[in-house]
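In what follows, a structure is listed as structure tokens, so that the remarks can point back to it.
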Amino acid sequence: MIVFGILSAAFLCCICCGYKSLKLAIDVIDAAADFLAGTKRIILVPVLYFFLQIFVFFIWLWAFLNVASMNEFTPDTNIVPQMKDLLWNDKKIKYMALFMFFGLLWIMAWLKYTCNFICMVAASSYYFNSGPSGEG
């Protein structure tokens with residue numbers, strides 16, 4: 001009981017010392033809830049961009065397999081004769097693959113930050129267009 005009494009006193013001290021931060025966090029969550037209640041369609045933006053990223057990834061994967069197919073294939077004699085080994089001998093093809101990987105990272109980051117930008121613009125537009133009485 002003494003240990004729990006000390007822990008509860010320490011917890012009370014933390015709440016009293018961090019009251020302003022806790023109140024600010026509650027106000028931010030309340031404003032975010034008002035924003036989502038006022039603009040319900042903003043929830044669809046991340047979902048749309050998720051499927052767009054999957055679509056872009058599969059297009060990139062198809063193109064990357066085309067680049068990888070420009071290499072030399074040799075039969076694998078160790079385990080299964082039907083298996084093939086891919087030999088990356090040509091430096092041009094390696095650089096093409098690295099460039100494609102960099103392109104994938106760049107396009108995915110661009111899509112992610114475009115989604116973030118749309119959400120930020122929607123939030124700031126909602127904030128500056130809402131009246132002092134809470135009307136959107």
Taking only region 51-82 into account, find how many residues are closer than 18 Å to PHE102 by Cβ and either at pLDDT below 80 or acidic (Asp, Glu) (or both).
0
Would you point out which residue out of LYS84, LYS92, LYS112 is assigned by TED's automatic domain parsing to the domain that holds SER124, among the basic types (Lys, Arg) and within 23 Å of the chain's Cα centre (by Cα)?
LYS112
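Hey, among ILE107, ILE93, which residue is surrounded by 12 or more Cβ atoms within 10 Å (Cβ to Cβ) and within 30 Å of ALA32 (Cβ to Cβ)?
ILE107
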Would you confirm, using the coordinates I've provided, whether ALA9 is under 29 Å from ASN129 (Cβ atoms) and outside the structural domain of SER130 (by TED's automatic domain parsing)?
no
Exception for LEU48 within (1) closer than 30 Å to TYR126 by Cα; (2) modelled with pLDDT under 85 falls at (2)
Scan of region 45-63 for residues that are free of Cβ contacts under 8 Å to residues at least 40 places away in the same chain and either of a type in the set (Phe, Trp, Tyr) or outside the structural domain of ILE107 (by TED's automatic domain parsing) (or both), ordered by number
PHE50, PHE51, PHE55, PHE58, TRP62
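The values are calculated or read from the model by the stated rules, or taken from the named source; none is laboratory data. The structure displayed is predicted, hence computed values, not measured ones. Counting neighbours? That spans all protein chains shown, and the Cβs are built from the backbone with ideal geometry, glycine included.
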